Amino acid sequence: MLKKIKKLILYIIFLIIFVRCFEVVFNSRKFIQTSSEQNEKILYKEFNYGDYTNIKLLHTATGEVEEIPLDIYLYGVVAGEMPADFEMEALKAQAIVARTYTIFKIMNGSKHKEQNADICDSSLCCQAWISKENRLARWEKDKRDSNWQKIENSVNSTIGKVILYDGQPINAFFHSNSRRIYRITN
């Protein structure tokens, strides 16, 4: 009789464990599906730039501050951060991350407020930025127009897109080695 009770208890324990495992698997799939849907909605949600349509860019070499439209500024960031021969989707991702990073920095107080600037052109402090003229001069003549057009398209096709968490832009850290690892492994 005691053996039968032990056997029954083992069956009940096994059944409980099986049911709990099933619940965990079912709930994790539901969570993953919900998270994916939320991430897609968040990433592609249009963001109202509001006060951030123009930015004040500090040129570190000269100390001058230039006010330019945010998306025009992003041409120089994408051109400064990534080679134009990268895939268009990678350039678009760079544009979204750079836009998000810029808006976050401005919203949360810039180190450059004393100079009356929102952000600077140095990758040591903020993010790399290069003027169109300087970027064109570094490319081969026959690739200049097509490369710059690709940079402009990557930014223009992502206008208004930022990465948000709880409705606010995230601190979108990124570094140049991320793209190198991606290119090597894919």
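The values are calculated or read from the model by the stated rules, or taken from the named source; none is laboratory data. Computed from a predicted model, the values in this text were never measured in an experiment. Neighbour counts run over all protein chains shown; Cβ positions are idealised from the backbone, glycine included.
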- Query: Out of (1) of a type in the set (A, V, I, L, M, F, W, C); (2) over 16 Å from residue 163 (Cα atoms); (3) modelled with pLDDT under 90; (4) assigned by TED's automatic domain parsing to the domain that holds residue 169, what's the single condition that is false for residue 130?
  - Reply: (3)
- Query: In region 117-169, what residues are of a type in the set (A, V, I, L, M) and without any contact (Cβ under 8 Å) to a residue 40 or more places away in the chain?
  - Reply: 124, 136, 137
- Query: Quick one: would you say residue 80 is modelled with pLDDT of 75 or more, under 29 Å from the mean Cα position of the chain (by Cα) and under 22 Å from residue 151 (Cα atoms)?
  - Reply: yes
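Restricted to region 69-102, and to residues that are of a type in the set (Asp, Glu) and over 23 Å from residue 50 (Cβ atoms), which residue is surrounded by the fewest Cβ atoms within 10 Å (Cβ to Cβ)?
Here is the first cut: in region 69-102, the residues of a type in the set (Asp, Glu) are 71, 81, 85, 87, 89.
Now drop any that are not over 23 Å from residue 50 (Cβ atoms), which leaves 81, 85, 87, 89.
Details: 81: 22, 85: 11, 87: 13, 89: 9.
Per the criteria, the residue is 89.
Residue-wise test of (1) in contact with a Cys (Cβ under 9 Å, 6 or more places away or on another chain); (2) not in a helix (DSSP H, G or I).
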{"site": "71", "(1), (2)": "no, no"}
{"site": "74", "(1), (2)": "no, no"}
{"site": "86", "(1), (2)": "no, yes"}
{"site": "89", "(1), (2)": "no, no"}
{"site": "92", "(1), (2)": "no, no"}
{"site": "101", "(1), (2)": "yes, no"}
{"site": "104", "(1), (2)": "no, no"}
{"site": "109", "(1), (2)": "no, yes"}
{"site": "114", "(1), (2)": "no, no"}
